[in-house]
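Undergrad: Could you have a look at this structure, given as structure tokens, before my questions?
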Amino acid sequence: MAELTLQQARCPVCDDDRALRCFDKNDFSIVECRTCRLRYVNPRPTREWLDAWYRHEYFSLSHEDASGAQHLQHGGIKTATAQLRLQWLRDSHPKGRLLDIGCGGGFFVRAAAADGWDAIGIEPSVEAARCAARAQQVRVVAGRLEATPFADTRFDVITMFDVLEHVFCPRICLAEARRLLAPGGRLMIETPNMAGWLPRVMGLRHPWIRPPEHLTYFTPATLRKLLTQCGFQVEELHGNTRKVLTLDYVLALIARTNPLVTALLTGTIGRWNTVCRYPLSVPLATMLAVARPIPQEESA
Ligand SMILES: [Zn+2]
């Protein structure tokens, strides 16, 4: 990896550069935009450094505490969460072409394909894309959306699960998603709700406050503002959707920021494998937004 270099950032939602420093974590500062109140990492690593990190390190199974590696190692709960997300699609949208941006190990793409969707994923990590193609037997393109290979293809549904908070430039990413949606298509986004109950309870120890991988910390208000700016009409915005988790996954996730709690739980109930691996559907202060692109003539 190249040496980490930092650069100044403007607000990813309103482009203002006036912000107040809130707190530091992992040697990075998180600031709050004075105009729209969005919190984001500033200064932050360069795009080149982040690209290389996601391409080669984030999902590396040789980095045990990398979030991406944990994602690949807990495919069972990721598949179970994929079923929760698919339920919404079953209830609200006819099946067609589906693109999952930042598909990681391909668990959602596989579940969607099994449910009858013509599904494909795109994933910047070469290792995760290879893992998805091999282990999940799904179609995955290794690369970034902005360097898109989907020039002439339009999708009925585009999904971004736990992705937007990582993206270097959310507005460019959403503009590309909008371009790739077919008429009548829908964008479905899941991202941590930083105004939700869990961040309020855990404060700085919250595992989602995770710079530099999480660069932008959305609330319902700032996510809605960003989507509107990018030419979407928000149809649904839920602030507390469910994910499927196991205790051993949670312990791995919080080990770095909550060592005492992790040691206590590992030493007690963590000894019982059955309890540790039991999947639970938990409302985790995650936002789910569903939006449709506003046709150019309507937005003009
Ligand atoms: Zn702002």
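The values are calculated or read from the model by the stated rules, or taken from the named source; none is laboratory data. Here the structure is a predicted model, which is why all the values come from computation and not from measurement. Note that each Cβ is placed from the backbone with ideal geometry, even for glycine, and that neighbours are counted across all protein chains shown.
Undergrad: Suppose we filter HIS206, HIS238 for residues that are touching a residue at least 12 places away in the same chain (Cβ under 8 Å) and over 18 Å from THR81 (Cα atoms); which single one remains?
TA: HIS206
Undergrad: Would you tally the residues in region 1-13 being at pLDDT 95 or above and either farther than 25 Å from ILE172 by Cα or within 12 Å of the ligand (Cβ to nearest atom) (or both)?
TA: Total meeting the criteria: 5.
Undergrad: Would you call THR159 polar (S, T, N, Q) and in a strand (DSSP E or B)?
TA: In short, yes.
Undergrad: Taking region 10-42 only, how many residues are buried (at least 19 other Cβ atoms within 10 Å of the Cβ) and either of a type in the set (A, V, I, L, M) or in contact with a Gly (Cβ under 9 Å, 6 or more places away or on another chain) (or both)?
TA: Number of matching residues: 6.
Undergrad: Assuming THR153 fulfils every condition listed in (1) assigned to a loop (DSSP other than H, G, I, E, B); (2) among the β-branched types (Val, Ile, Thr); (3) under 26 Å from ALA9 (Cβ atoms) apart from one, which condition is it?
TA: Going through (1) assigned to a loop (DSSP other than H, G, I, E, B); (2) among the β-branched types (Val, Ile, Thr); (3) under 26 Å from ALA9 (Cβ atoms) one by one, THR153 breaks only (3).
Undergrad: Pick out the one residue from GLU146, GLU165, GLU127 that is within 26 Å of ALA9 (Cα to Cα) and in a helix (DSSP H, G or I).
TA: After ruling out the rest, the residue left standing is GLU146.
Undergrad: Scan ASP152, ASP118, ASP91 and give me the residue that is surrounded by fewer than 23 Cβ atoms within 10 Å (Cβ to Cβ), free of Cβ contacts under 8 Å to residues at least 40 places away in the same chain and touching an Asp or Glu at 6+ places or on another chain (Cβ under 9 Å).
TA: ASP118
Undergrad: Considering every residue within region 44-55, establish whether at least one is modelled with pLDDT of 90 or more and within 16 Å of the ligand (Cβ to nearest atom).
TA: Yes, there is a match, as at least one residue in region 44-55 is modelled with pLDDT of 90 or more and within 16 Å of the ligand (Cβ to nearest atom).
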